[in-house]
Amino acid sequence: MDEKNLHPVTTSKVSPAREEALLFGIKDTDKIESFESMLSELLRFSDSIPEAIAKMVKAALACEFGSKVLEHKKCDSMVKAISQGIMSDTELRRQALLIMDRLAKADELNA
């Protein structure tokens, strides 16, 4: 008797960029592009991990809710709480580091 694989191989019908966005739970491509361009302008390789995650959270909030949300007094505590949540969860921290590594720009010191 031949052994058969019970799990058929399936190929994804989604483009790699769209598939990556779906992995992170983002569905709106305009927001994704806006987030990536904003984050690539903000991030530098010289940023510490907590600084970079805080910048990433601020960019995500600005893209999702508009830049006005960052002007409120309680925004800093919200960014801090979300950043701490990302830092404490290993999978979220790994995903954040992958995004930061891909989008960060070199500084004058490490160009």
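The values are calculated or read from the model by the stated rules, or taken from the named source; none is laboratory data. Values in this document were obtained by computation on a predicted structure and should not be read as measured data. All Cβ positions, even for glycine, are placed from backbone atoms using ideal geometry, and neighbour counts span all protein chains on display.
For region 43-61, a residue qualifies if it is part of a helix (DSSP H, G or I) and surrounded by fewer than 17 Cβ atoms within 10 Å (Cβ to Cβ), and the qualifying residues are Ile49, Pro50, Glu51. One residue stands out among those in region 62-89 that are hydroxyl-bearing (Ser, Thr, Tyr) and surrounded by 11 or more Cβ atoms within 10 Å (Cβ to Cβ): the one that is farthest from Asp47 (Cα to Cα), which is Ser67. Contact annotation: no residue pair with Cβ atoms under 6 Å, 6 or more positions apart or on different chains, pairs a residue in region 23-49 that is modelled with pLDDT of 85 or more and among the basic types (Lys, Arg) with a partner that is surrounded by 17 or more Cβ atoms within 10 Å (Cβ to Cβ) and not in a loop (DSSP other than H, G, I, E, B).
Candidates in region 90-111 are the residues that are in a loop (DSSP other than H, G, I, E, B) and surrounded by fewer than 12 Cβ atoms within 10 Å (Cβ to Cβ); of these, the one that is modelled with the highest pLDDT is Ala106.
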